[in-house]
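The values are calculated or read from the model by the stated rules, or taken from the named source; none is laboratory data. Here the structure is a predicted model, which is why all the values come from computation and not from measurement. When we count neighbours, we look across all protein chains shown, and the Cβ atoms used for this are built from the backbone with ideal geometry, even at glycine.
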């Protein structure tokens with residue numbers, strides 16, 4: 001197995017972790033908050049655990065993305081350029097969610113709807129990232 005193929009595998013694994021976690025948190029996990037104090041506490045614990053894992057996934061995605069660029073992918077190619085822009089937007093939304101909205105909601109200073117809205121917006125952007133990736137195909 002070549003280093004490039006390892007990078008592809010790690011890139012796909014990290015994307016699955018990030019996107020899969022957002023599917024869970026944007027659509028399923030908010031129901032925990034409505035289950036009273038125990039549900040809200042479970043939601044917070046789950047969120048904190050996922051936050052660390054998902055930021056690790058982002059680091060892996062950036063590192064493997066650099067491998068792709070160094071192996072000849074052209075960042076000026078329109079589809080790749082657009083995908084990279086969407087990734088930047090997704091990281092910004094994730095940071096706003098993880099370091100502003102979610103902590104504010106947990107402390108009662110902000111409506112949980114902000115955190116949910118940011119998570120859902122990020123999920124939409126991540127779906128666009130995945131779609132862009134399919135347009136890239138197997139190009140190298």
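Assorted remarks:
- Any pair with Cβ under 6 angstrom, 6 or more apart, that starts in region 1-19 at a residue that is closer than 25 Å to residue 90 by Cα and ends at one that is not in a helix (DSSP H, G or I): 4/71
- Yes/no for residue 47 being free of Cβ contacts under 8 Å to residues at least 40 places away in the same chain and assigned to a helix (DSSP H, G or I): no
- Sole residue being at pLDDT 95 or above and either over 19 Å from residue 119 (Cα atoms) or surrounded by 13 or more Cβ atoms within 10 Å (Cβ to Cβ) (or both), chosen from 29, 90: 90
- Candidates 123, 53, 86 - the one that is in contact (Cβ under 8 Å) with a residue 60 or more places away in the chain, within 14 Å of the chain's Cα centre (by Cα) and under 22 Å from residue 9 (Cα atoms): 123
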